[in-house]
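The values are calculated or read from the model by the stated rules, or taken from the named source; none is laboratory data. Keep in mind it's a predicted model, so treat the numbers as computed, not measured. Because the Cβ atoms are built from the backbone with ideal geometry, glycine has one as well, and the counts that use them run over all protein chains shown.
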Amino acid sequence: MNKRTRIFIGILLAYALGVGWLLYRQLEDIDPRYRESAEESLVETAQLMATLVERQSADGTLQADALEPLFQALYARRFEANIFGFLKTRVELRVTVADRTGRVVFDSLGRETGKDHSQWRDVRLALQGEYGARSTPDIGNDRRTAVMYVAAPIRANDTIIGVVSVGKPVQSFGQFVDAARRKTMYVGGLSVVAVLLLAVIVSVWLVRPFGVIADYVRYVRAQHSFSLPRLGRRALGAIGAAYDEMRDALAGHTYVADYVQTLTHEVKSPLSAIRGAAELLQEPMPDADRARFAANIAREAQRIQELVDRMMELTALESRRGLDQVAPVALGPMLRDLAAAARHSGAPRGVTVDVDVAAVEDVPSVEGDAFLLQRAVANLLANAVDFAPDGTTVTLALSRARRTVDVTVRDHGPGIPQYAEGKVFEKFYSLARPHSRKKSTGLGLPFVKEIAELHHGRVTLKNAQGGGAVATLSLPLVT
């Protein structure tokens, strides 16, 4: 039996036991609830009949003779009452009247007249002025013939002179109990089918995470020495992998749909420009205009190519669960090399790039992927150079915090508009460059964010004091 089957059977058995227990409790509770409702109605009927007899026995002598013709006529009546699909055609109510000794002086069915009912619970308690009720089968111990009785005292001059006992066969409302039970079983069956389908889906989602945990267990067994920090980091990695697997399964479809929709929107503008220029090139025009439209086509095609390349890089990065190879990375030399390369791109506008050498020398190395970290800082630096005003300086520095090493890139440009502060790391979101009024692909900062998260760090971009913006890439120190 494979892992998926065991998970599926386990979930289904757990649910079946839970639903079975709930159904059992619910089914057992239906009959008592209907009995309570019927008893409440019998209490009112008993009080009504006791009041009727009291009016005929005002002189202190129990008089129940007027009830016999009343019930003969009542039992002779035929009617049709459709009660939620159940047809009722006759009255099943029973009434007995007993004197102060418990002897029956009237029975609506004519079966108990003259018998001693003083030992029946309902009659005995009612003669004592208390509430009395009982349930007694008509035939031996056959519970299907049970009749519920409720008694009420008959008073004359504040003295109890008798008892009225009102009864109703349990079978009269038993059909409603059976219908409620069938409906409950039907709902329970539907829920089992629904959870059966859910269990299939959940089992598929859970197979991979449990496989990751099993891998961790095997890793622990293979260790020759016990190191709590190392085992803790490995356990967190296993849990993170399981979470990522389940997150991807839940959000994958929506993620792809949003990606395609946004990419289509971004590509639409350069494609429109290319199409317009191509149509104009088919018409006679001066060579200078033809060269200009051809250059537009080349520029927009390059823009699409850059967008696709960046998107493929970002998608490949997002699909990674972690770093393949981790090694110590000396950030100081890397920042110097990146600053030297950035100076060439900023030279035409007089933008210089400085490195805080003193701060760089005091910062230790971090563990990570040197190539990815270089790409991340290069993106932040290129972004700062693009937004730096002509003739200004971009500063690249390192600093050590309590648990992190922070790479900062500071420019003196216009800063981040208030409306864009929460969007700068969204895919395809870009602001126009001050010197060219053109936007980038909007994938650079999301790329940096993914690299930071792969290194268990974070990246921020916010306005700096005194103007401009400062980007900070925080990487964890090796403990």
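A few points about this structure:
- Hey, residue 359 assigned by TED's automatic domain parsing to the domain that holds residue 440, modelled with pLDDT under 70 and outside any loop (DSSP other than H, G, I, E, B) or not: yes
- Test: residue 87 is more than 53 Å from the chain's Cα centre (by Cα) and among the hydrophobic types (A, V, I, L, M, F, W, C): no
- Taken over the stretch 439-461, residues that are modelled with pLDDT under 90 and either out of contact with any strand residue (DSSP E or B) (no Cβ under 6 Å at 6 or more places or on another chain) or among the polar types (S, T, N, Q) (or both) amount to 13.
- Within the stretch 127-145, the set of residues being crowded, with 17+ Cβ neighbours inside 10 Å and either acidic (Asp, Glu) or within 53 Å of the chain's Cα centre (by Cα) (or both) comprises 132, 133, 134.
- Within the stretch 437-455, being exposed (fewer than 15 other Cβ atoms within 10 Å of the Cβ) and either in contact (Cβ under 8 Å) with a residue 60 or more places away in the chain or more than 27 Å from residue 299 (Cβ to Cβ) (or both) holds for one residue alone: 453.
- Of the residues contained in the stretch 165-180, one or more are found to be of a type in the set (Gly, Ala, Ser), modelled with pLDDT of 80 or more, surrounded by 14 or more Cβ atoms within 10 Å (Cβ to Cβ) and touching a Lys or Arg at 6+ places or on another chain (Cβ under 6 Å).
Each row is one residue, and each column tells you yes or no for (1) buried (at least 21 other Cβ atoms within 10 Å of the Cβ); (2) in contact (Cβ under 8 Å) with a residue 60 or more places away in the chain; (3) outside the structural domain of residue 375 (by TED's automatic domain parsing).
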{"site": "386", "(1), (2), (3)": "yes, no, no"}
{"site": "395", "(1), (2), (3)": "no, no, no"}
{"site": "400", "(1), (2), (3)": "no, yes, no"}
{"site": "407", "(1), (2), (3)": "yes, yes, no"}
{"site": "412", "(1), (2), (3)": "no, no, no"}
{"site": "420", "(1), (2), (3)": "no, no, no"}
{"site": "435", "(1), (2), (3)": "no, yes, no"}
{"site": "459", "(1), (2), (3)": "yes, yes, no"}
{"site": "467", "(1), (2), (3)": "no, no, no"}
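- Residue that is surrounded by the most Cβ atoms within 10 Å (Cβ to Cβ), among those in the stretch 98-126 that are of a type in the set (D, E, K, R) and within 19 Å of residue 57 (Cβ to Cβ): 107
- Residues within the stretch 392-439 that are among the β-branched types (Val, Ile, Thr) and within 15 Å of residue 473 (Cα to Cα), tallied: 7
- Residue in the stretch 12-32 that is at pLDDT 75 or above, aliphatic (A, V, I, L, M), assigned to a helix (DSSP H, G or I) and over 36 Å from the mean Cα position of the chain (by Cα) present: no
- Filter pass, residue 381 being under 18 Å from residue 444 (Cβ atoms), touching a helix residue (DSSP H, G or I) at 6+ places or on another chain (Cβ under 6 Å), at pLDDT below 80 and buried (at least 19 other Cβ atoms within 10 Å of the Cβ): no
- Tally, over the stretch 128-157, of residues that are more than 23 Å from residue 41 (Cβ to Cβ) and either outside any loop (DSSP other than H, G, I, E, B) or at pLDDT below 90 (or both): 6
- If the condition is being among the aliphatic types (A, V, I, L, M) and part of a helix (DSSP H, G or I), then the stretch 370-399 contributes 370, 372, 373, 376, 377, 378, 380, 381, 382, 384, 385.
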